[in-house]
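Okay, so here's the structure we're looking at.
The values are calculated or read from the model by the stated rules, or taken from the named source; none is laboratory data. Nothing here was measured: the structure is a model prediction, and the numbers come from that model. Neighbour counts run over all protein chains shown; Cβ positions are idealised from the backbone, glycine included. In case anyone asks, the SASA skips ligands and DNA or RNA and just uses the protein heavy atoms, side chains included. Shrake-Rupley method; radii C 1.70, N 1.55, O 1.52, S 1.80 Å.
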Amino acid sequence: MRMGHFVNFKEELKKRTEEAERVIRKYLPEESGFAKTMAEAMNYSMTAGGKRLRPILIRETYRLFGGEGVLCEPFMAAMEMIHTHSLIHDDLPALDNDDYRRGRLTTHKVYGEAMGVLNRAYEVMISAFDLTEDKERVIAAMRIMADKTGINGMLGGQSVDVENDGKPLEREMLDYIYKNKTSALIEASMMT
(Lines give C-alpha, C1' and ligand atoms only; values in the text may rest on other atoms or scores of the structure.)
Protein backbone atom coordinates (compact mmCIF):
# COMPACT_ATOMS: atom_id res chain seq x y z
CA MET A 1 0.00 0.00 0.00
CA ARG A 2 1.25 3.46 -0.84
CA MET A 3 1.22 6.24 1.74
CA GLY A 4 -0.65 9.37 0.74
CA HIS A 5 -2.81 7.60 -1.84
CA PHE A 6 -6.35 6.39 -1.40
CA VAL A 7 -6.32 2.60 -1.19
CA ASN A 8 -9.36 0.52 -1.97
CA PHE A 9 -9.39 -2.08 0.80
CA LYS A 10 -11.44 -4.61 -1.17
CA GLU A 11 -9.05 -4.41 -4.14
CA GLU A 12 -5.99 -4.77 -1.89
CA LEU A 13 -7.55 -7.69 -0.04
CA LYS A 14 -8.37 -9.37 -3.34
CA LYS A 15 -4.74 -8.98 -4.51
CA ARG A 16 -3.41 -10.42 -1.29
CA THR A 17 -5.90 -13.29 -1.36
CA GLU A 18 -4.85 -14.12 -4.93
CA GLU A 19 -1.20 -13.98 -3.86
CA ALA A 20 -1.93 -16.36 -0.96
CA GLU A 21 -3.77 -18.70 -3.36
CA ARG A 22 -0.72 -18.81 -5.66
CA VAL A 23 1.56 -19.62 -2.73
CA ILE A 24 -0.77 -22.34 -1.41
CA ARG A 25 -1.08 -24.00 -4.84
CA LYS A 26 2.71 -24.06 -5.15
CA TYR A 27 2.91 -26.38 -2.13
CA LEU A 28 0.08 -28.77 -2.98
CA PRO A 29 1.07 -32.40 -3.57
CA GLU A 30 1.15 -34.01 -7.01
CA GLU A 31 -1.81 -36.24 -7.71
CA SER A 32 0.10 -39.33 -8.73
CA GLY A 33 1.46 -42.63 -7.45
CA PHE A 34 0.00 -44.91 -4.82
CA ALA A 35 -1.00 -41.98 -2.59
CA LYS A 36 -2.88 -40.28 -5.45
CA THR A 37 -6.24 -40.42 -3.66
CA MET A 38 -4.78 -38.78 -0.55
CA ALA A 39 -3.24 -36.03 -2.70
CA GLU A 40 -6.55 -35.53 -4.50
CA ALA A 41 -8.38 -35.24 -1.17
CA MET A 42 -5.82 -32.71 0.09
CA ASN A 43 -6.03 -30.65 -3.06
CA TYR A 44 -9.85 -30.83 -3.08
CA SER A 45 -9.90 -29.41 0.44
CA MET A 46 -7.19 -26.82 -0.12
CA THR A 47 -8.67 -25.42 -3.34
CA ALA A 48 -12.19 -25.00 -1.96
CA GLY A 49 -11.57 -21.29 -1.47
CA GLY A 50 -11.83 -19.29 1.68
CA LYS A 51 -10.69 -15.91 2.92
CA ARG A 52 -7.03 -16.98 3.30
CA LEU A 53 -6.79 -14.57 6.23
CA ARG A 54 -4.09 -16.51 8.09
CA PRO A 55 -1.62 -16.73 5.18
CA ILE A 56 -2.25 -13.06 4.40
CA LEU A 57 -1.46 -12.17 8.02
CA ILE A 58 1.78 -14.14 7.82
CA ARG A 59 2.90 -12.30 4.66
CA GLU A 60 1.84 -8.86 5.87
CA THR A 61 3.45 -9.28 9.31
CA TYR A 62 6.61 -10.56 7.60
CA ARG A 63 6.65 -7.43 5.40
CA LEU A 64 5.82 -5.16 8.33
CA PHE A 65 9.04 -6.26 10.06
CA GLY A 66 11.18 -5.88 6.95
CA GLY A 67 10.93 -9.41 5.59
CA GLU A 68 11.53 -9.78 1.87
CA GLY A 69 11.50 -12.79 -0.41
CA VAL A 70 9.88 -16.18 -0.11
CA LEU A 71 10.97 -17.42 3.33
CA CYS A 72 7.47 -16.91 4.76
CA GLU A 73 5.75 -18.80 1.93
CA PRO A 74 6.07 -22.35 3.32
CA PHE A 75 4.51 -21.06 6.54
CA MET A 76 1.70 -19.37 4.62
CA ALA A 77 0.82 -22.63 2.88
CA ALA A 78 1.29 -24.72 6.03
CA MET A 79 -0.95 -22.43 8.07
CA GLU A 80 -3.75 -22.73 5.55
CA MET A 81 -3.27 -26.51 5.53
CA ILE A 82 -3.57 -26.62 9.31
CA HIS A 83 -6.65 -24.39 9.25
CA THR A 84 -8.22 -26.50 6.50
CA HIS A 85 -7.44 -29.66 8.47
CA SER A 86 -9.31 -28.19 11.45
CA LEU A 87 -12.33 -27.54 9.21
CA ILE A 88 -12.20 -31.10 7.81
CA HIS A 89 -12.02 -32.40 11.38
CA ASP A 90 -15.00 -30.24 12.45
CA ASP A 91 -17.09 -31.60 9.58
CA LEU A 92 -16.62 -35.29 10.46
CA PRO A 93 -19.66 -37.37 11.48
CA ALA A 94 -18.33 -37.75 15.03
CA LEU A 95 -18.28 -33.96 15.43
CA ASP A 96 -20.52 -31.56 13.45
CA ASN A 97 -21.47 -34.09 10.74
CA ASP A 98 -21.62 -31.41 8.04
CA ASP A 99 -22.18 -32.31 4.41
CA TYR A 100 -21.06 -29.01 2.90
CA ARG A 101 -18.15 -26.64 3.47
CA ARG A 102 -17.39 -23.53 1.38
CA GLY A 103 -20.22 -24.37 -1.01
CA ARG A 104 -19.18 -27.93 -1.88
CA LEU A 105 -19.38 -31.40 -0.40
CA THR A 106 -17.13 -31.88 2.61
CA THR A 107 -13.92 -33.85 2.15
CA HIS A 108 -15.19 -36.86 4.11
CA LYS A 109 -18.31 -37.04 1.92
CA VAL A 110 -16.18 -37.20 -1.23
CA TYR A 111 -13.07 -39.12 -0.08
CA GLY A 112 -13.97 -40.79 3.21
CA GLU A 113 -13.16 -40.03 6.81
CA ALA A 114 -9.50 -41.07 6.73
CA MET A 115 -8.30 -38.26 4.46
CA GLY A 116 -6.58 -35.16 5.82
CA VAL A 117 -3.92 -32.53 5.24
CA LEU A 118 -2.24 -31.93 8.60
CA ASN A 119 1.04 -33.81 8.10
CA ARG A 120 1.59 -32.12 4.74
CA ALA A 121 1.73 -28.81 6.62
CA TYR A 122 4.79 -29.96 8.54
CA GLU A 123 6.47 -31.27 5.40
CA VAL A 124 5.91 -27.84 3.83
CA MET A 125 7.27 -25.94 6.85
CA ILE A 126 10.43 -28.05 6.82
CA SER A 127 11.03 -26.93 3.23
CA ALA A 128 11.77 -23.44 4.63
CA PHE A 129 15.19 -24.74 5.72
CA ASP A 130 16.13 -24.81 2.02
CA LEU A 131 15.32 -21.09 1.66
CA THR A 132 17.66 -19.59 4.25
CA GLU A 133 20.96 -19.93 6.04
CA ASP A 134 19.26 -18.69 9.22
CA LYS A 135 18.07 -22.09 10.46
CA GLU A 136 17.27 -20.69 13.92
CA ARG A 137 14.56 -18.48 12.41
CA VAL A 138 12.88 -21.47 10.81
CA ILE A 139 13.10 -23.45 14.05
CA ALA A 140 11.56 -20.56 16.01
CA ALA A 141 8.70 -20.24 13.51
CA MET A 142 8.07 -24.00 13.57
CA ARG A 143 8.06 -23.97 17.37
CA ILE A 144 5.35 -21.29 17.36
CA MET A 145 3.30 -23.19 14.78
CA ALA A 146 3.56 -26.44 16.75
CA ASP A 147 2.63 -24.76 20.04
CA LYS A 148 -0.32 -22.79 18.67
CA THR A 149 -1.73 -25.76 16.76
CA GLY A 150 -1.19 -28.41 19.46
CA ILE A 151 -2.72 -29.17 22.83
CA ASN A 152 -1.80 -25.70 24.13
CA GLY A 153 -3.58 -24.10 21.17
CA MET A 154 -6.04 -25.16 18.49
CA LEU A 155 -6.26 -28.87 19.37
CA GLY A 156 -6.69 -28.13 23.07
CA GLY A 157 -9.48 -25.66 22.34
CA GLN A 158 -11.13 -28.06 19.89
CA SER A 159 -11.04 -30.92 22.40
CA VAL A 160 -12.68 -28.80 25.12
CA ASP A 161 -15.31 -27.65 22.61
CA VAL A 162 -16.11 -31.23 21.51
CA GLU A 163 -16.09 -32.58 25.06
CA ASN A 164 -18.61 -29.96 26.17
CA ASP A 165 -20.83 -29.85 23.07
CA GLY A 166 -24.41 -29.10 24.01
CA LYS A 167 -23.57 -28.37 27.66
CA PRO A 168 -23.93 -24.96 29.25
CA LEU A 169 -20.48 -23.36 29.44
CA GLU A 170 -19.08 -21.06 32.07
CA ARG A 171 -17.48 -17.88 30.77
CA GLU A 172 -13.97 -19.08 31.67
CA MET A 173 -14.34 -22.26 29.57
CA LEU A 174 -15.89 -20.36 26.66
CA ASP A 175 -12.99 -17.90 26.76
CA TYR A 176 -10.56 -20.84 26.74
CA ILE A 177 -12.24 -22.28 23.63
CA TYR A 178 -12.20 -18.91 21.84
CA LYS A 179 -8.58 -18.23 22.80
CA ASN A 180 -7.33 -21.63 21.76
CA LYS A 181 -9.60 -23.06 19.06
CA THR A 182 -10.39 -19.76 17.40
CA SER A 183 -7.64 -17.22 17.94
CA ALA A 184 -4.54 -19.46 18.32
CA LEU A 185 -4.06 -19.74 14.54
CA ILE A 186 -4.43 -16.00 14.08
CA GLU A 187 -1.84 -15.42 16.83
CA ALA A 188 0.45 -18.00 15.20
CA SER A 189 0.09 -16.28 11.84
CA MET A 190 1.39 -13.02 13.23
CA MET A 191 4.01 -14.49 15.58
CA THR A 192 5.49 -16.83 12.97
How large a share of the accessible area of region 1-145, in percent, is made up of carbon and sulfur atoms when the probe is 1.4 Å and the other protein chains stay in place?
55 percent
Near residue 14, which lysines are there with a Cα under 29 Å away, not counting those fewer than 8 places off in the same chain?
26, 51, 148, 179, 181
Between residue 95 and residue 43, how many nm apart are label points set 7 Å from Cα along the C-beta direction?
2.5 nm
If you keep only loop residues by DSSP, which GluC sites (Glu not before Pro) in region 91-173 have at most 10 other Cβ atoms within 10 Å of their Cβ?
133, 170
Quote the relative contact order of the chain in percent (integer), defining contacts as alpha-carbon pairs under 8 Å separated by 6+ residues.
21 percent
Going from most exposed to least, what order do 34, 129, 75, 9 have by accessible area with a 1.4 Å probe?
34, 9, 129, 75
Which loop GluC sites (Glu not before Pro) in region 4-107, with loop taken from DSSP, have no more than 11 other Cβ atoms within 10 angstrom of their Cβ?
30, 68
Taking the full set of protein chains and a 1.4 angstrom probe, give the accessible area of residue 135 in square angstrom, rounded to the nearest 10.
80 Å²
Mean accessible surface per residue for the chain, computed with a 1.4 Å probe while every protein chain stays in place, in Å²:
59 Å²
If I model a spin label as a point 7 Å beyond the Cα along the Cα-Cβ vector, how far apart are those points for residue 51 and residue 26 in nm?
2.4 nm
